[in-house]
Amino acid sequence: MHTPPDRPSEQVLLQGVRNRLIEYLEVAASFEAQVTFSEQSPQVNVALEVLEQWADWVGPDWQEELLPPVFSQDELLAIDQFQQVWQGCRARLLQEFVELPALAILFEHRAWRSLRVGAEMLLMLMMKRGKLSETVEM
């Protein structure tokens, strides 16, 4: 199928999704980045954003949507591992808290620390290839 010249190809759009995932991981992987985000956007519940934003990009059918060559096989395996960590963290926190507590409290929570470590590991892997062009297929 031919893509009209004013519409990006599916691969270019997916490269943008890759870049948004990396941006998400940069925040999720760093308590410092979470604090900075909170200071820059005090109206935003950063904990909830970190917890829910992953699902904005990685839906139930992600294995049919996040595809090579934009994502390597190693990255796809790591995304699957992080997805499991994220699901466990989300389930545990939403079961334990009616409303998510302040970041300082979450930083001490085992599930939140696991989420941070998992995000850091996935980020390190994805940064081997880094962000991709959002205008040209790579």
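Looking at region 107-136, which of its residues are β-branched (Val, Ile, Thr) and not in a helix (DSSP H, G or I)? Talk me through it step by step, then tell me what you get.
Within region 107-136, the first condition is being β-branched (Val, Ile, Thr), and the residues that meet it are 117, 135-136.
Result: 135, 136.
Against the numbered list (1) at pLDDT 95 or above; (2) in contact with a Leu (Cβ under 6 Å, 6 or more places away or on another chain); (3) farther than 14 Å from residue 21 by Cα; (4) among the aliphatic types (A, V, I, L, M), residue 138 comes up short only at (1).
Would region 27-39 turn up any residue that is open to solvent by 70 Å² or more (accessible area, probe 1.4 Å) and in contact with a helix residue (DSSP H, G or I) (Cβ under 8 Å, 6 or more places away or on another chain)?
Residues of region 27-39 that are open to solvent by 70 Å² or more (accessible area, probe 1.4 Å), as a first pass: 32, 39.
Now drop any that are not in contact with a helix residue (DSSP H, G or I) (Cβ under 8 Å, 6 or more places away or on another chain), which leaves none.
No: zero hits.
Scan region 1-26 for residues that are open to solvent by 40 Å² or more (accessible area, probe 1.4 Å) and closer than 18 Å to residue 117 by Cα and jot them down. Correct list: 23, 26. Taking the condition open to solvent by less than 60 Å² (accessible area, probe 1.4 Å), in contact (Cβ under 8 Å) with a residue 12 or more places away in the chain and either basic (Lys, Arg) or closer than 18 Å to residue 44 by Cβ (or both), does residue 112 pass? The answer is yes for residue 112. Summed over region 86-108, the residues that are open to solvent by 50 Å² or more (accessible area, probe 1.4 Å), of a type outside the set (S, T, N, Q) and under 11 Å from residue 51 (Cα atoms) give a count of 3.
Listed here are the helices (runs of 4 or more DSSP H) enclosed by region 4-103 that have at least 2 residues being β-branched (Val, Ile, Thr): 10-28, 31-40, 46-57, 73-96.
The values are calculated or read from the model by the stated rules, or taken from the named source; none is laboratory data. Note that this is a predicted model, so its numbers are computed, not measured. Glycine also receives a Cβ, built like all others from the backbone with ideal geometry; neighbour counts cover every protein chain displayed. Surface accessibility is based on the protein's heavy atoms, side chains included, excluding ligands, DNA and RNA. Shrake-Rupley method; radii C 1.70, N 1.55, O 1.52, S 1.80 Å.
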